[in-house]
1. Net charge around Ser240, counting only other residues with Cβ within less than 14 Å of its Cβ (Lys, Arg = +1; Asp, Glu = -1)?
2. Can you list the residues of the range 176-193 with backbone N under 17 Å from a point 7 Å past the Cα of Asn269, pointing along Cα to Cβ?
3. Normalised by the number of residues in the range 6-92, what is the relative contact order in percent for Cα pairs under 8 Å and 6+ residues apart?
4. Per residue and in cubic angstrom, what volume does the convex hull of the Cα atoms of the range 134-228 have?
5. Between Ser215 and Asn137, what length comes free when the chain is fully extended (0.36 nm per residue of separation minus the Cα-Cα distance, one decimal in nm)?
6. In sequence order, what are the phi-derived ³J(HN,Hα) couplings for the range 291-308 according to the Karplus relation 6.51 cos²θ - 1.76 cosθ + 1.60 with θ = phi - 60°, rounded to whole Hz, with x for glycine and proline?
7. In whole Å, what three semi-axes, largest first, describe the equivalent ellipsoid of the range 25-132 built from its Cα gyration tensor (square root of 5 times each eigenvalue)?
8. Return the Rg/Rh value of the range 85-180, two decimal places, where both radii are evaluated on C-alpha atoms and Rh is the Kirkwood radius.
Amino acid sequence: MGSNCSRCELESHNEWRQLNTVGDAPCARSGQGAVVVDDVVYIFGGCDGEAVSNDIRAFYIHTSEWQKITHQLGPSARTSFGICLGPGVEDVTVACGCNLDTPGALADIWSFNVRHRTWTKRFDSPRALYGVSVCWNDDNLLMYGGSTGVAYSDTLYAFSLKTGNVAKIKTSGEGPSERYKQEMFVVDENLYMCGGGAFAPAAGRMQMFKLNLTSLSWHVLEAENDISTPRAAFSCCVDSETSKAWIFGGFSVHNNRLQAFQTFDIQRNVWNDVQTLCSPPPRAFHSMVLCKGSLLLLLGSDGDKIFDDVWKFCIRSTPPSLQMLAAKAFIKLFPTAESPAVPHELRVLIETVRRTEHHYSGKCKKRPSIGCLLAPY
């Protein structure tokens, strides 16, 4: 890694760049969750090092603007919970977690509708857990792993949206061990899972597990020349167009924060290191989402400092939006700040483009990995 990043173009590819953001940004925090709905990243919960929150922030990708979302009463403040898109296309599901001020873990499961800004209590888990992974498969919410604060779990639960029932799923084959802070996703008729630990990840390699959701049989995807980095509390996004899982950060078997950036091809069973000139500082308990060919990495902690930053990594080319084209054309016609009145949304986008072009701040600093901030509760 170089100690500094050169100036990047607005849509540079295969390089991390730190975004200049505006608006009502969240405080620096870790242990939050993030989901993308219609080009907006919704952030919920997390811990600033002293207090745990249950606020919601929206990050508008096209304008790099933060907004605080007002909403009705919903789940209590929490961190280290499971989060995913669903059950509807405008819903965000939050499952379990913990609050540092209250002993033990939480069992409640909620969904938030981003259009109506309303919370709905969905289920109660049979066990109170934190560090779980969740994802929807049709009308069933799948939840795996987690910790009670005393013991770790290797149970897969299914919660039925239609009936409200919950079942412990009996599986066969070589499945994952008891763990928390793993990552899980569904592609076609298969559930994939990797990473996590009890508390620390297992040494050696980070296995990728695959569960066929019809046969309910697990097996390990054996990778030739396995260069995977074992980790927990990391981020993972799957790109369905390329069948690659993109993985960043986390903490190691030695409790050090990681900067390791890798991909796993779920069709070819191949791990690759992603080489970049610059990178976000090492961190864990952060968030990363994928939207229209770009990864967005947000917040987290390196064990000493808690971050409030946002980074972008473009993995493939996406056509610029009509608004972006209009903003660039506007700047060419009116290069100075003095310009005709325009709608607020376009004004924000214009100012974002100006800031990016004239004083891009995406410098990366190489920092040593240090110990994990969040110990087992």
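Read-outs throughout are calculated quantities, based only on the coordinates presented, and are distinct from any laboratory measurement. All figures in this text were calculated on a predicted structure; none of them were measured in a lab. Here Cβ is always computed from backbone atoms with ideal geometry, including for glycine, and neighbour counts include all displayed protein chains.
1. On the way: positive: Lys244, Lys292, Arg316; negative: Asp188, Glu189, Asp239, Glu241, Asp265.
So the environment of Ser240 carries a net charge of -2.
2. Label zone hits: 176, 190-193.
3. On the way: 147 pairs, mean separation 24.1, N = 87.
Averaging sequence separation for qualifying contacts and normalising by length gives 28 percent for the range 6-92.
4. Working: hull volume 9.6 nm³, N = 95.
Hull volume over Cα atoms, normalised by residue count, gives 101 Å³.
5. Details: separation 78, 0.36 × 78 = 28.08 nm, distance 1.48 nm.
So the extension gain works out to 26.6 nm.
6. Each residue of the range 291-308 in turn: 9, 6, x, 10, 8, 10, 10, 9, 6, x, 9, 9, x, 10, 9, 9, 9, 10 Hz.
7. With the √(5λ) rule applied to the range 25-132, the semi-axes are 22, 17, 11 Å.
8. On the way: Rg = 13.6 Å, Rh = 13.9 Å.
Using Cα coordinates only, the ratio equals 0.98.
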